[in-house]
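A short write-up of the structure that comes next.
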Amino acid sequence: LKLGEKGAIPQRDNETYAIAPHIPCGLVTPELLRRIADTAEKFNAQAIKITGATRIAIVGLREQDIDSAWDALNLDKGAAVGLCVRSIRTCPGNTYCKLGKQDALKLGMRLDKIYHGMQSPGKFKMAVSGCHLSCSESWVRDVGLIGHKEGWTLVIGGNVGANPRIAQECASGLDDDEVLSAIERVIGYYKENAKKGERLGKMIDRVGIDGFKQELTNIGR
């Protein structure tokens, strides 16, 4: 396999690599943390870095150690690069946070299982926030969910980067199953109409949001 297919990310020195195992919604266990620490120590990693996608990257590995490091971790590779669904971020939601209105962790895990690593026209990120404070930064993700007492609000087309874009509301008052149906339709419309490499927000700027809203007709209350 090529290094990219092994989940190896070249570093600044052009000699070493980082690997970033997939950690759904950033939930870890003591055993998983020990495994990551032991692997980093065994292969003399230069650093261990918590990433913006709530992964834990092992940085500064030698090329000859990459396969052995993955074997030691026994974890799936994170979709850290490429034209795909890179990550699904969540806040603690009402599982742990007293401000949470909806179960962000439960829904985030469902989305991660369906979409993580899925190929798409452009880079694609999701976030699920259990209340209007949007701690998972749902307003600057391609697909964002924001929990309210009456259900989920779906916002689409946000991103950070050199040209940040705030997402636009697409639907509201959705329950978990309605959210899954709505996201499936949004992504389907995006795949059918986007240019290669075009982020969802760029497509909305080009064609408007009405087509997406039409796709969601009859979803929600």
Given a 1.4 Å probe and every protein chain left where it sits, what share in percent of the accessible area of the chain is carbon and sulfur? 49
Could you please state, rounded to a whole Å, how far the C-alpha centre of the range 63-138 is from the C-alpha centre of the range 169-221? 19
Degrees between helix 30-42 axis and first principal axis of the chain (Cα, 0 to 90, nearest 10): 40
Measure nothing but the geometry: give the 0 to 90° angle between the long axis through the Cα atoms of 104-115 and the longest principal axis through the Cα atoms of the chain, rounded to 10°. 80
Once you treat every alpha carbon in the range 72-134 as an equal point and sum by Debye, what is log10 I(q)/I(0) at q = 0.13, 0.15, 0.22 Å⁻¹? -0.41, -0.52, -0.85
For the chain, what is the accessible area per residue in Å² when the probe is 1.4 Å? 52
Which Cys in the chain stand alone, with every other cysteine's Cβ at 4.7 Å or more from theirs? CYS25, CYS84, CYS97, CYS131, CYS170
Length added when fully stretched, ASP205-MET118, from 0.36 nm per residue minus Cα-Cα: 29.0 nm
Average projected area [Cα convex hull, the chain], square nanometres: 12.7
Once the piece of chain linking SER172 and LEU33 is laid out straight, how much longer is it, given 0.36 nm per residue of separation minus the C-alpha distance between them? 46.3 nm
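Translational diffusion coefficient, Stokes-Einstein: compute it for the range 21-64 using the Kirkwood radius over C-alpha pairs as Rh, at 10 °C and 1.306 mPa s, and state it as an integer in µm² s⁻¹.
Details: Rh = 10.9 Å.
D, rounded to a whole number, is 146 µm²/s.
Determine the calculated [θ] at 222 nm for the chain from helices alone, applying -39500 (n - 2.57) to every DSSP H run no shorter than 4 residues and normalising by the residue count; nearest 500 deg cm²/dmol.
Values: 7 runs with 69 residues, N = 221.
Result for the chain: -9000 deg cm²/dmol, rounded to the nearest 500.
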As a test of understanding, state the convex hull volume per residue of the range 172-221 from its alpha carbons, in Å³. 75
What would the Debye formula give as log10 I(q)/I(0) at q = 0.10, 0.21, 0.23 Å⁻¹ for the alpha-carbon point model of the range 101-221, no solvent? -0.26, -1.23, -1.48
In units of 2.2 N^0.38 Å, the Cα radius of gyration of the range 1-121 is 1.13
Quickly work out the ASP76-to-LYS191 label distance, labels modelled 7 Å from Cα along the C-beta direction, and quote it in nm with one decimal. 1.7
Using a Förster radius of 22 Å, what is the FRET efficiency between LEU83 and ARG110 based on their Cβ-Cβ separation? Nearest 0.05, please. 0.45
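The values are calculated or read from the model by the stated rules, or taken from the named source; none is laboratory data. A quick note: this is a predicted structure, and the numbers were derived from the prediction, not measured. Counting neighbours? That spans all protein chains shown, and the Cβs are built from the backbone with ideal geometry, glycine included. Areas reflect the complete protein model, heavy atoms only, side chains present, ligands, DNA and RNA absent. Shrake-Rupley method; radii C 1.70, N 1.55, O 1.52, S 1.80 Å.
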